[in-house]
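Trainee: There's a structure below that I have some questions on.
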Amino acid sequence: MPSIAASARWTGRWALVAVLAVRLADVRLADAHVAPSVGDNNRYLKLTPLGDRVRLAYTVFYGEVPGAELRKALDANRDGAIDDAESQAFGARIADQLAAALELTVDGARRPVTWSQVVVGMGTPSATAGTFSIDLVAAICVTPPRGAHAIELRDRFELAHPGETEIRFEDSPGVAIDRARVGDDGDPGVDYKIIGPTPVLGAAGPAGGIALAFTAGPKAVVAPDAACTRAAPASGAPAGAIAGAAAAAVAVLAGAITLARRRAR
């Protein structure tokens, strides 16, 4: 049997690896998009189930024309540049609007959406430029960690000049996606696109919104951060179990690195 000190060292190493994996996974969604639209605004949602949560990444990509109009409005002091305070105020406003427009159900219980990350990517601070994006991340926590869970998400956020809406379902090590649905499409695949308005995403009933059911196995990553409260691993936990969790976290880290490299090409 490993000593308490040895187990504690393993626990600390696993926690560090898992934190790095989750943080590196927070790559901005806009970086993966080929190009913004000219006259439309695009929306991108990605749902990634893990051991203790579904990571929701939500991006709004403002097109050249609507982005240019918004920049003029954001330049409150009329100095020709969007400073940090102006962009952060805009990000907070959109984050509040989105949180109010999203109806979330986790295992049959209603939950609020709380953003852990809100980033406004202006590209250039110029008030006369065009396209820019806002990227938001939320942890949809599941209790207890691992096991079978299901979420439903209805999105009633009204995007002006709607262009493309993309919904992605992304798996992770140790997690099996059992079912996914977008609107009345029970086989949306991993990458589902809608062009134009999206009333189906906010519609009530079994033919509206986004649904995801998944099963997180014993090696699914449970991130040791404050987003989802959980009990700390026992100091005498078997080294094999801790090593398995570390291996799963390393797999996520490697996948995130590969994804980041692919996007950078």
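Laboratory data are not the source of any read-out in this text; all were calculated from the coordinates shown. Treat the numbers as computed from the prediction; the structure is a model and nothing was measured. Neighbour counts run over all protein chains shown; Cβ positions are idealised from the backbone, glycine included.
Trainee: Below 8 Å, C-alpha to C-alpha, sequence gap of six or more: please give me the relative contact order for the range 143-237 in percent.
Mentor: The value is 39 percent.
Trainee: Project the alpha carbons of the range 94-178 onto their principal axes and report the range along each, largest first, in whole Å.
Mentor: 50, 28, 24
Trainee: Lys and Arg at +1, Asp and Glu at -1: add these up for the other residues within a Cβ distance under 12 Å of ILE194 and post the number.
Mentor: -3
Trainee: Put a dot 7 Å past each Cα toward the Cβ at ILE177 and ALA148; how far apart are the dots in nm?
Mentor: Between ALA148 and ILE177, the label points sit 1.9 nm apart.
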